[in-house]
C-alpha cells in the first residue's frame with residue numbers, strides 16, 4: 001500500500017463510496033490518513049443503569065438487547081422496539097427509527113455498548129431513544145473509548161468512516177512510502193511523537209492529552225513543510241542579481257525636504273530600508289505594512305523617485321481605478337514636474353495601447369499596454385497587494401524582459417498577524433509603519449436594530465453640523481430588502497437635503513470618479529456604497545461611517561472601512577449595525593484601535609480564513625496546525641534552521 005494508492009484499495013470502499021468520499025476531498029490513502037477529526041466523543045465512562053442520575057440526559061452502558069422487533073407505521077416508516085438488560089440485570093427500553101435491519105443483528109449472546117439520550121419516568125423507568133451501539137470487542141472503534149468525530153457528507157456515517165480509517169491505522173506499517181522526515185534531534189528537542197504514533201493518536205487516542213500530542217506533531221509537519229519551502233524560495237531569490245541602482249542621494253534628500261509633512265521615525269526607517277534594497281544587486285521583495293493613515297504613499301513616492309534618479313522607470317499597480325487615480329494625483333503633487341507620468345485604467349487603455357512615460361500608474365489595464373520607455377523597468381510598486389493573486393503579479397512582470405531582476409515593493413494596510421508574518425512572509429522583507437498619531441479620534445459603537453430610528457435623528461443632526469458620512473452595505477441587492485439599492489431608494493427622499501449619492505462596483509469608472517469627486521467637494525454629504533470604498537479612498541473631512549450587517553465582515557475589513565473617516569484628525573464615528581447584539585467580535589472591535597491587535601484577535605477567534613486574503617496564494621489550508629499558536633510557529637522556525645544546518649554539514 002502506498003500513500004497515493006486510491007481509496008478503493010481499502011476494504012469496503014467501492015466506486016460508489018469513493019465518489020461520496022471525493023466530496024470530502026478524499027481520493028487516496030494519504031487523504032484519508034490526513035483527514036482530521038473536528039472533535040472527539042468520550043464514551044469511556046460506562047454507567048450501570050442503576051446508577052443513572054435523575055437529571056442525566058446522556059448515558060453509555062453495556063448490556064444485551066432482547067426481543068427487538070420492527071413495527072410498521074404509516075407509509076414506509078418503521079419503528080424498532082426492544083429492551084436492554086445490563087450486566088447487573090437492570091432493564092431499559094430501546095427505540096430506533098426506520099432501521100429494520102437491526103432486528104437481524106442482535107441476539108441474546110451479543111454484548112454491546114449502548115450510548116445515547118435517555119428519559120427517566122417518575123417511576124424510574126429508563127428509555128433510550130435512537131442510541132448508538134457497537135458490539136463489545138477487545139478494541140473498540142466508536143464506543144467505550146474516545147472516538148473521533150469527522151465532517152461527513154451524504155451517504156457516509158461516522159461509524160463507517162471510523163472503520164475505514166481504523167483499517168489504515170491498524171496497517172500503517174504496510175504503507176511502504178510513509179517515512180518520518182523529522183530528525184531524531186528535532187523530535188527530541190520539541191518532544192514530538194513519531195509520525196506513525198501521531199496518526200494513531202489523533203485518530204484513535206486513549207486520552208485527550210494524547211490527541212493533542214498527535215495534533216501538535218502533524219501541525220508541526222504542516223508548518224515545517226510550508227516554512228521550508230518559503231525559505232528555499234527566499235534563498236533562491238537572494239541569488240538573483242537585480243538591477244543595482246546608482247541613486248542620486250542629494251536629489252532624494254531634496255525631495256524629502258520639500259514634502260509638506262515631517263516623516264515619522266518608522267517612515268524614515270522604512271524608506272532607508274527600501275533605498276538600501278534598491279542599491280543592492282539582489283532583487284528586492286519588500287512589503288510595507290502600515291495601518292490606515294500611517295503614510296505608505298509617501299514611502300512609495302520616495303522609492304519611485306529614487307529609482308527614477310537612477311535612470312530606471314517605475315510601474316505602480318492599484319486594484320481600482322479610484323485608487324489608481326488618487327495615487328496618480330498624489331505622485332504628481334509630490335514629484336518634480338519634469339517627470340513623464342501616465343495613468344492607465346480601463347478608461348484610458350482603449351485610447352492608448354502604448355506608454356512612453358517613465359512612471360506609469362494604473363490598474364489591471366496595465367497588463368494590456370506596451371511600454372515604450374527608453375529606460376529599463378527597475379521597480380514595480382503594488383498597492384494593496386493582497387488584492388492581486390500571484391498569477392497576476394507574475395503576468396505583470398513577464399510583460400517585460402529580465403522580470404526576475406525587477407525590484408518589487410508591495411504595500412498593504414491590511415493588518416498581518418504577527419505569527420503569520422513570521423512564517424508565511426519569511427521570503428519577503430517587511431517594513432512596518434506606525435500610525436502618525438496615537439490619538440484615537442474615532443469612536444466605534446455596536447448599534448442594535450431597535451435604535452435605528454433614534455440613530456437617523458442623530459445622523460441628521462451631525463450632517464447639519466457639517467459632517468460627511470459613508471453608509472456601507474455588504475450587498476447591492478437582496479431578497480429581503482436589506483441591500484444597498486433598497487436602502488438608498490427608501491432614504492433618498494428623507495435625506496434629499498444632503499444630496500445622497502450611490503456607489504457600487506458595476507457603475508462605470510468615469511461615473512465612479514464623478515461620484516467620489518462630488519462627495520469630496522461637498523456636493524453630496526452622504527455616500528451610500530458597497531465595500532468599493534474600503535481600499536485607499538481618501539476623503540480627509542469624512543467623519544461618519546455606518547456599516548450595515550457588520551457581523552458579515554471580518555475585523556480586518558471593518559478596520560479598513562473605519563479608516564475611511566477621521567483622516568484629518570477630526571472627531572469621527574463608526575457605527576456597526578447588527579442583528580446579533582451579543583457578537584463578542586464586534587464588541588471587542590469597538591474597543592480596539594491598533595490594526596495588529598485586531599488581526600491577532602481575529603486570527604485567534606476565527607482562524608486563518610480571513611487572513612488568507614493577505615497572503616501569497618498557493619499555500620495549503622492547514623488541517624492540524626493553527627497560525628495563532630505562537631509557540632509552535634517559533635519552534636518550526638528554529639527547527640527549519642536546525643534542519644538546514646544539518647543538511648549543510
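The values are calculated or read from the model by the stated rules, or taken from the named source; none is laboratory data. Note that the structure is predicted; figures quoted are calculated from it, not measured. Neighbour counts run over all protein chains shown; Cβ positions are idealised from the backbone, glycine included.
Checking residue 108 against (1) closer than 30 Å to residue 172 by Cα; (2) surrounded by fewer than 11 Cβ atoms within 10 Å (Cβ to Cβ), only one condition comes out false. Which one?
(1)
Which numbered condition trips up residue 36, out of (1) part of a loop (DSSP other than H, G, I, E, B); (2) loosely packed, with under 15 Cβ neighbours inside 10 Å?
The failed condition is (2).
Please verify whether residue 163 is surrounded by fewer than 19 Cβ atoms within 10 Å (Cβ to Cβ), under 20 Å from residue 36 (Cβ atoms) and free of Cβ contacts under 8 Å to residues at least 12 places away in the same chain, treating the condition exactly as stated.
no
Residue 515: free of Cβ contacts under 8 Å to residues at least 60 places away in the same chain, farther than 29 Å from residue 345 by Cβ, outside any loop (DSSP other than H, G, I, E, B) and in the same structural domain as residue 564 (by TED's automatic domain parsing), yes or no?
Considered against the rule, which asks whether it is free of Cβ contacts under 8 Å to residues at least 60 places away in the same chain, farther than 29 Å from residue 345 by Cβ, outside any loop (DSSP other than H, G, I, E, B) and in the same structural domain as residue 564 (by TED's automatic domain parsing), residue 515 comes out as no.
Could you say whether any residue in region 373-382 is more than 25 Å from residue 298 (Cα to Cα), in contact with a helix residue (DSSP H, G or I) (Cβ under 7 Å, 6 or more places away or on another chain) and either surrounded by 13 or more Cβ atoms within 10 Å (Cβ to Cβ) or modelled with pLDDT of 70 or more (or both)? Walk me through how you get there before you give the answer.
Taking region 373-382 and keeping what is more than 25 Å from residue 298 (Cα to Cα), we get 374.
Next cut, in contact with a helix residue (DSSP H, G or I) (Cβ under 7 Å, 6 or more places away or on another chain) only: none.
The answer is no, given that none of the residues of region 373-382 is more than 25 Å from residue 298 (Cα to Cα), in contact with a helix residue (DSSP H, G or I) (Cβ under 7 Å, 6 or more places away or on another chain) and either surrounded by 13 or more Cβ atoms within 10 Å (Cβ to Cβ) or modelled with pLDDT of 70 or more (or both).
Only one of these is out of contact with any helix residue (DSSP H, G or I) (no Cβ under 7 Å at 6 or more places or on another chain) and loosely packed, with under 10 Cβ neighbours inside 10 Å: 63, 75. Name it.
Being out of contact with any helix residue (DSSP H, G or I) (no Cβ under 7 Å at 6 or more places or on another chain) and loosely packed, with under 10 Cβ neighbours inside 10 Å holds for just one of 63, 75, which is 75.
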